[in-house]
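Engineer: Structure in structure tokens, see below.
The values are calculated or read from the model by the stated rules, or taken from the named source; none is laboratory data. Computed from a predicted model, the values in this text were never measured in an experiment. Cβ placement follows ideal geometry from the backbone for every residue including glycine, while neighbour counts extend to all protein chains displayed. To get the accessible areas, we keep the full protein, side chains included, count just its heavy atoms, and leave off ligands, DNA and RNA. Shrake-Rupley method; radii C 1.70, N 1.55, O 1.52, S 1.80 Å.
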Amino acid sequence: MEEISQLIASDLQSLEQSIEKLLTTRVSFIKEVVHHIVKSGGKRIRPILVILAARLCGCQDERHVPYAAIVEFIHTATLLHDDVVDNARTRRGTLTANTIWGNEPSVLVGDFLFSKSFDLMVADGIPDVIGVISKATTALAEGEILELIKTSDVETTEADYAEIIANKTAVLLSAACEIGAILGCVDIEKRTALREFGYHVGMAFQLTDDMLDYISSDTTLGKHTGTDLREGKITLPLIHALKEASDEEKNFVSVLLEKPRITKKDFEQVKKTIEAHDGMGYTLRCSVEHIEKAKRQLEVFSPSDYKTALLNLADYIVSRRM
Ligand code: FPP
Ligand code: MG
């Protein structure tokens with residue numbers, strides 16, 4: 001990540017300025033809430049994808065930078081909403097906006113950011129970009145709703161899970177890459193390649209996130225380990241384990257998901273079941289497969305520092321610890 005940040009250092013600096021500049025509002029409270037989350041040390045993966053894709057596709061000026069900011073705004077809006085839905089207390093090691101200010105301000109500031117993003121995008125008026133982003137945000141909402149419907153459902157299949165994470169995560173990373181391609185005016189083959197690259201990187205990103213939720217420590221993750229299980233989110237490590245588990249193990253998990261509080265001991269027991277049936281190994285292999293697919297997409301581009309950076313970013317996604 002260090003090397004990537006150096007390669008696009010000036011774009012990243014412009015990005016931070018752009019985030020400040022585009023966040024215009026009469027209501028200073030909105031800025032306070034947005035600053036809290038935007039400055040809380042996010043990895044800026046989505047804006048970095050916009051920038052790298054645009055540079056890879058030959059963008060010479062900085063027209064892509066406001067789009068990188070817009071994508072980060074949309075992501076931030078979804079996090080504000082998601083933390084309300086999940087009733088999350090911490091994110092990135094700090095208290096969530098809903099913990100500090102309550103649910104209502106979080107939802108409304110999320111609405112503001114979401115609307116602001118469209119306002120900014122329409123002002124620039126590139127129909128293809130507007131189309132890509134509108135489709136992505138619709139998918140985001142669908143993904144989050146699908147996940148809600150499947151809460152605590154032990155019958156959740158791998159296909160259900162794939163549909164959820166594709167929509168709630170992969171589609172936005174895919175859109176970020178595609179926007180870079182559109183701004184770079186490349187042909188349809190390259191645009192499709194970048195869209196697919198972003199999609200597979202996004203799938204691997206969420207798979208890794210869901211593994212880390214079981215294995216990382218609270219301090220490196222910035223939120224509590226085991227949160228997914230406590231929120232009733234059945235993710236791939238568990239889905240795979242349940243497919244192979246004994247009736248007794250399955251029963252233990254379904255009873256657990258009905259309980260109002262999952263103890264540390266319960267969580268450790270679920271982890272044992274996952275380990276016994278290679279839930280982590282399987283999820284890691286899926287994640288690596290997506291990264292390999294992602295990297296193959298970039299074969300249509302000739303070698304460049306930006307291509308190398310995207311390939312390295314893909315590898316970072318599966319190897320990250322936070
Ligand atoms: C995080 O997942 C959540 C998302 C990636 C998507 C959230 C989408 C919405 C709330 C709906 C759409 C909203 C708008 C404004 C279009 P997670 O809970 O698994 O990850 P976490 O551990 O980081 O919270
Ligand atoms: Mg969440």
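Engineer: Scan the range 88-103 for residues that are in contact with a strand residue (DSSP E or B) (Cβ under 8 Å, 6 or more places away or on another chain) and not β-branched (Val, Ile, Thr) and report the count.
Structural biologist: Going residue by residue through the range 88-103, those that are in contact with a strand residue (DSSP E or B) (Cβ under 8 Å, 6 or more places away or on another chain) are 89, 96, 99.
Those still in the list that are not β-branched (Val, Ile, Thr) too: 89.
So the count comes out to 1.
Engineer: Can you name the number of the only condition in (1) surrounded by fewer than 16 Cβ atoms within 10 Å (Cβ to Cβ); (2) more than 16 Å from ligand 2 (Cβ to nearest atom); (3) more than 18 Å from Gly202 (Cβ to Cβ) that Ala159 fails?
Structural biologist: Every condition holds for Ala159 apart from (3).
Engineer: Related question: Please determine, by comparing only the residues of the range 179-202 that are open to solvent by less than 10 Å² (accessible area, probe 1.4 Å) and in contact (Cβ under 8 Å) with a residue 60 or more places away in the chain, which one is nearest to Tyr282 (Cα to Cα).
Structural biologist: Filtering the range 179-202 down to residues open to solvent by less than 10 Å² (accessible area, probe 1.4 Å) leaves 179-181, 193-194, 197-198, 201-202.
From what is left, the residues that are in contact (Cβ under 8 Å) with a residue 60 or more places away in the chain are 179-181, 193-194, 197-198, 201.
On the way: Ile179: 32, Gly180: 32, Ala181: 33, Ala193: 26, Leu194: 26, Phe197: 22, Gly198: 22, Val201: 17 Å.
Per the stated criteria, the residue is Val201.
Engineer: How many residues are within 30 Å of Glu231 (Cβ to Cβ) and either surrounded by fewer than 22 Cβ atoms within 10 Å (Cβ to Cβ) or out of contact with any helix residue (DSSP H, G or I) (no Cβ under 6 Å at 6 or more places or on another chain) (or both) when one looks only at the range 47-72?
Structural biologist: The number of residues fulfilling the criteria is 1.
Engineer: Hey, among Pro66, Pro105, which residue is at pLDDT 95 or above, over 17 Å from the mean Cα position of the chain (by Cα) and within 15 Å of ligand 1 (Cβ to nearest atom)? Please lay out each step first, then the result.
Structural biologist: On the way: Pro66 fails: within 15 Å of ligand 1 (Cβ to nearest atom).
Testing whether each residue is at pLDDT 95 or above, over 17 Å from the mean Cα position of the chain (by Cα) and within 15 Å of ligand 1 (Cβ to nearest atom) leaves just Pro105.
Engineer: Whether any residue in the range 97-118 is away from ligand 2 (no atom under 16 Å from the Cβ), closer than 30 Å to Ala53 by Cα and buried (at least 24 other Cβ atoms within 10 Å of the Cβ) is what I want to check.
Structural biologist: To start, the set of residues in the range 97-118 that are away from ligand 2 (no atom under 16 Å from the Cβ) comprises 100-102, 104-105, 108-109, 111-118.
Now restrict to residues that are closer than 30 Å to Ala53 by Cα: 109, 111-118.
Now drop any that are not buried (at least 24 other Cβ atoms within 10 Å of the Cβ), which leaves 109, 113.
Yes, some residue in the range 97-118 is away from ligand 2 (no atom under 16 Å from the Cβ), closer than 30 Å to Ala53 by Cα and buried (at least 24 other Cβ atoms within 10 Å of the Cβ).
Engineer: Here's something else I'd like to know. For the range 123-137, check the following and say yes or no: at least one residue is of a type outside the set (Phe, Trp, Tyr), in contact with a Gly (Cβ under 8 Å, 6 or more places away or on another chain) and either part of a helix (DSSP H, G or I) or touching a residue at least 60 places away in the same chain (Cβ under 8 Å) (or both).
Structural biologist: Quick first cut of the range 123-137, residues of a type outside the set (Phe, Trp, Tyr) only: 123-137.
Subset that is in contact with a Gly (Cβ under 8 Å, 6 or more places away or on another chain): none.
For the range 123-137, residues of a type outside the set (Phe, Trp, Tyr), in contact with a Gly (Cβ under 8 Å, 6 or more places away or on another chain) and either part of a helix (DSSP H, G or I) or touching a residue at least 60 places away in the same chain (Cβ under 8 Å) (or both): absent.
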